[in-house]
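Below: one structure, written as structure tokens.
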Amino acid sequence: MTEQFSRRDFLKLAGLGAATTAILTGCGPASRYVKREPYQQMPEYNSVGQSTYYATTCRECAAGCGLVVRTYQGRAIKTEGNANHPLNLGKTCARGQATLQGLYNPDRVQAPSTGDWDSAIQIVADTLKNYKPGEVAFLMGMAPDHLFDLVTDLANATGMNAPVRFGALGMFEARATLSKAAENLFGQAGLPWFDLGGAQAVFSFGANFLETWISPLPYTRGFVGLRAKETKIRGTFVQFEARMSATGAKADHWVPVRPGTEGLVALAIGKLVSELRGGAMPRVFSSVNPVEAAEAAGVELEALHHLAEMFVTFNVLAIPGGAALGQSNGLEIAEAVLALNALSDNFGKPGGVYLSALAPNQTEYNRPASAEEMASFVEKMKSGAIKALFVHGVNPVFELPASLGFKEALAGVEQVISFATFTDETAAAAKFVFPDHHGLESWGYQRVATGVSLPVLSGAQPVVSPFYDTRATADVLIAAAKLAGGAFATALPYADEVEFIQTRVSELMSEAAGSFSASDAATFMAYFQQYGGWYKNVEALIAPDGSSVLNGNVNAAEPEYAGEGEFFFVPFVSPTLAEAGANKPWLQELPDPTTTVMWNTWIEMNPETAHELGIANDDVVKVISEVGEVQAYVYLYPAIRPDTIAMPFGQGHTAYGQYAENRGVNPADLIAVRFNEAGDLAFAGMKVKVEKVSSAVSGVGLSRMESRMGVYGEALGEEH
Amino acid sequence: MIKKLFDWLKQPLGLIAAGIVFLALFSAAAYGLYTTQQAPEQPVPGFPHKTHVSFGIQCLYCHPGASKGPAAGLPSQAKCWGCHNQIVKTRDSALLAPLKDAVLSGQSLEWVPVAIVPDFVQFNHRAHVAAGRNCEECHGDVSQMGIYQNPQVFNMGWCLNCHIEAAGEDQAKLIKLADCGTCHY
């Protein structure tokens with residue numbers, strides 16, 4: 001305090017000011033009066049001042065978790081997991097929580113691009129009618145849902161191309177490889193399910209099961225079971241991967257193997273285990289040389305010995321994950337890793353490997369399209385075999401590697417109709433956009449593909465009335481089929497989407513051992529809505545026949561790497577954003593679990609390598625692959641092999657709304673089109689060059705937990 | 001500088017100035033307090049509860065939430081108009097023009113609730129109705145009111161008096177009814 005202004009004076013003036021403010025504002029009517037607005041027409045199931053809860057299914061990814069959404073006076077307020085849903089047992093992931101930000105997103109498509117639905121439906125009807133059935137194709141998201149069934153019915157009855165399901169998550173998980181490996185080893189196709197909870201130790205080869213892999217919630221629950229100490233010893237977890245994922249960060253041992261050598265390592269461990277146990281060497285492990293394998297993988301032989309000893313002590317569950325299978329030799333790697341389980345003799349046993357239960361209304365495993373199948377789809381678009389394309393629930397322009405040429409092929413298709421809720425890259429390139437409701441405004445059902453031992457049909461219902469002039473795609477198709485007449489009309493003899501769903505769901509009434517039963521269809525449907533789905537109380541995991549696995553022949557030799565350069569390139573799915581989360585600020589703001597970076601794309605590089613190259617944190621570098629180049633900031637990440645760089649997939653949108661656009665880069669632009677034997681993309685088997693572009697500038701760079709620079713657009717992403 | 005200001009304030013002229021400022025603030029505060037005690041402006045001025053009650057309409061017909069949950073609630077506009085639409089006298093009455101406009105335009109009337117308690121009080125109508133209290137015991141003789149006015153101030157002493165009275169000699173009941181956590185949780 002100065003001489004002119006004493007402490008006492010300051011307190012006097014401050015007190016006087018506070019008193020005046022309190023009197024003038026506190027006593028004013030504005031602070032006392034609130035306004036209450038009555039309903040125009042109160043729904044009969046509502047009660048004033050009380051929340052209403054609806055059970056539905058999360059549509060953020062294809063796992064099919066059950067949600068219970070709290071609504072208040074017609075607005076969705078909060079999503080939580082549905083405790084009665086056997087898949088997620090009341091839990092959700094961050095994406096499930098953020099689904100509200102899709103509902104209230106300011107960038108939603110608010111009306112059909114033709115202005116009114118009558119003309120939109122006319123256009124869909126004309127498209128169905130005027131093109132030959134073989135020239136019309138549907139491209140859909142990964143979820144095996146009611147819309148997929150409806151379009152399948154339509155296609156079967158009219159000779160249209162069968163709908164193709166695709167999603168970037170499936171591509172990065174290499175699902176086709178996983179099921180093909182199961183088919184080769186067990187003679188039965190299916191999506192393998194790994195019982196983490198019952199295992200004593202888990203060897204995961206690049207499976208990021210705590211983040212996005214296949215069905216992260218049940219796998220996280222399994223992981224909790226693995227680590228539980230109350231009933232058994234705390235399970236051990238070993239992760240083999242070139243770049244430490246958030247899942248790998250939880251491991252007791254993290255083994256940074258060179259990309260593409262996972263199969264060799266698995267076979268070498270198998271051989272060492274067999275040697276330790278004595279007896280005849282199984283044929284599948286006989287050809288591998290552990291010394292050479294350790295050298296190829298860039299790990300110490302001693303480490304492999306140690307792991308083999310662990311294998312002998314514990315009942316180990318070996319899991320082949322996406323990054324390991326996205327290699328030119330991915331199928332062999334998957335077989336080698338699955339074969340390791342034969343040493344634990346855990347096929348179809350607790351703590352072991354199963355094939356996922358088939359959902360109700362399902363007779364065989366129906367996997368999403370592999371990248372190779374998408375390539376032939378693109379080829380059909382290019383050649384003019386597909387002249388009319390409907391797109392729903394997927395954004396292939398963003399999700400497929402640019403080098404696959406989907407965008408160019410799309411420009412050549414005569415009629416492209418998108419049913420997108422947001423103007424994503426594909427919708428922006430479509431001729432018409434006829435927006436579907438948001439998931440929380442929609443009816444539906446979805447088969448749960450994996451993650452639970454019971455057959456589950458998850459149910460969806462609107463939790464709020466649609467906010468905008470959107471319409472359910474199923475309703476649009478049913479109305480358009482009526483207009484088109486003929487085989488179209490007879491294929492979809494339903495009044496609307498709800499009638500179609502009721503018809504399908506009521507087929508389950510005759511099934512025994514259901515989670516509920518009812519004698520009439522209306523009651524059955526009411527229960528279906530109330531419980532958020534129906535499941536059968538019968539264990540339905542399929543025990544695979546692993547009797548011939550040890551006598552098989554797996555040649556997991558070194559892979560072929562695409563391109564040239566000093567670095568292996570490992571793109572990984574962002575655990576927070578994944579393929580469609582970038583337009584939700586909650587997810588953008590959620591720090592990446594391992595780096596804490598938000599709102600941007602980064603390139604992970606080992607600090608030692610960076611030091612040699614004269615690269616520092618937040619320097620801008622250019623990554624050059626054989627098909628493209630991108631620029632991004634460097635993040636010095638100690639938990640990555642010095643010969644490897646990694647980039648998250650999830651940012652780099654050129655459309656998709658204000659929160660997603662022009663932020664970061666898309667590593668899919670770098671991925672060359674090479675497939676493994678099962679037709680999955682060899683995305684993790686690439687070599688790239690790195691060039692420094694500019695040094696870090698103070699105040700510009702990656703936003704992290706500690707600094708929020710870059711959040712408001714002053715980052716690199718804005719400049720190009 | 002501040003010292004100079006305080007010195008000047010001690011002069012006669014300064015005292016007069018300070019007095020004027022004090023009076024201005026005091027009257028502003030008094031006016032503010034006065035306005036809080038006035039009935040606020042409502043969207044349908046002069047809404048007659050009296051008339052509705054005299055036709056034998058039960059309180060719960062328009063405010064059914066009182067028997068079910070925390071808030072008694074306002075009737076939906078569809079419910080108001082459902083009757084008024086059929087009464088020739090009210091269909092085109094100037095008094096009901098705001099309601100008619102709101103119904104036809106799909107807008108909501110903005111009512112100002114007057115029987116309210118602060119946010120830190122967890123009041124629930126249902127428990128009171130279930131305990132056999134009648135509406136008029138708290139809300140007064142609504143059959144004589146136009147627009148609703150509180151018959152007394154809803155403060156904690158008034159609540160507690162009734163709670164203690166209701167418990168009577170029953171000690172267990174008194175503990176429940178007079179516990180802080182009954183209303184503040």
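The values are calculated or read from the model by the stated rules, or taken from the named source; none is laboratory data. Because the structure is a prediction, the values reported are computed rather than measured. Positions of Cβ are backbone-derived with ideal geometry, glycine not excepted, and every protein chain shown enters the neighbour counts.
Below, the figures for the structure above:
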read-out	value
Criterion: at positive phi and touching a Gly at 6+ places or on another chain (Cβ under 7 Å) - qualifying residue of A:G225, A:G260	A:G260
Pairs, first within 15 Å of A:A19 (Cβ to Cβ) in segment B:15-27, second in a helix (DSSP H, G or I) and among the polar types (S, T, N, Q), C-beta under 8 Å, six or more apart	B:L25/A:T20
Unmet criterion (only one of (1) closer than 30 Å to A:K380 by Cβ; (2) in contact (Cβ under 8 Å) with a residue 60 or more places away in the chain; (3) part of a helix (DSSP H, G or I)) for A:R471	(3)
B:S93 vs. criteria within 24 Å of B:Q42 (Cα to Cα), more than 14 Å from every other protein chain (Cβ to nearest Cβ), small (G, A, S) and touching a residue at least 60 places away in the same chain (Cβ under 8 Å)	no
Wholly enclosed helices (runs of 4 or more DSSP H) of segment A:301-372 bearing at least 2 residues buried (at least 19 other Cβ atoms within 10 Å of the Cβ) and of a type in the set (F, W, Y)	none
So B:S54, is it within 14 Å of another protein chain (Cβ to nearest Cβ) and more than 16 Å from the chain's Cα centre (by Cα)	no
Segment B:23-41, residues that are within 23 Å of the chain's Cα centre (by Cα) and of a type in the set (F, W, Y)	B:Y31, B:Y34
Of all residues making up segment B:57-81, the number that are free of Cβ contacts under 8 Å to residues at least 24 places away in the same chain, within 13 Å of chain A (Cβ to nearest Cβ) and within 17 Å of B:C135 (Cβ to Cβ)	6
Odd one out for A:D520 among (1) without any contact (Cβ under 8 Å) to a residue 24 or more places away in the chain; (2) within 30 Å of A:A297 (Cα to Cα)	(2)
Segment A:430-485, subset within 23 Å of the chain's Cα centre (by Cα) and of a type in the set (V, I, T), residue farthest from A:L389 (Cα to Cα)	A:V452
Subset of segment B:102-134 (residues that are away from every other protein chain (no Cβ under 13 Å) and surrounded by 10 or more Cβ atoms within 10 Å (Cβ to Cβ))	B:V121, B:A127, B:H128, B:V129, B:A130, B:R133, B:N134
Strands (runs of 3 or more DSSP E) contained in segment A:575-671 and holding at least 3 residues over 24 Å from the mean Cα position of the chain (by Cα)	A:620-624, A:629-636
Residue count for segment A:147-191, restricted to those that are more than 22 Å from A:G552 (Cβ to Cβ), touching a residue at least 40 places away in the same chain (Cβ under 8 Å) and among the hydrophobic types (A, V, I, L, M, F, W, C)	11
Qualifying residue in segment A:345-358 (condition: closer than 30 Å to A:V124 by Cβ and under 24 Å from the mean Cα position of the chain (by Cα))	no
Lone qualifier among A:A62, A:A14, A:A55, A:A18 - being modelled with pLDDT of 85 or more and either in contact with an Asp or Glu (Cβ under 9 Å, 6 or more places away or on another chain) or within 7 Å of chain B (Cβ to nearest Cβ) (or both)	A:A62
Answer from B:H139, B:H128, B:H84 - the residue that is modelled with pLDDT of 90 or more and touching a Cys at 6+ places or on another chain (Cβ under 8 Å)	B:H128
Every residue from segment A:152-174 that is on the phi < 0 side of the Ramachandran plot and in a loop (DSSP other than H, G, I, E, B)	A:M160, A:N161, A:A162, A:P163, A:F166, A:G167
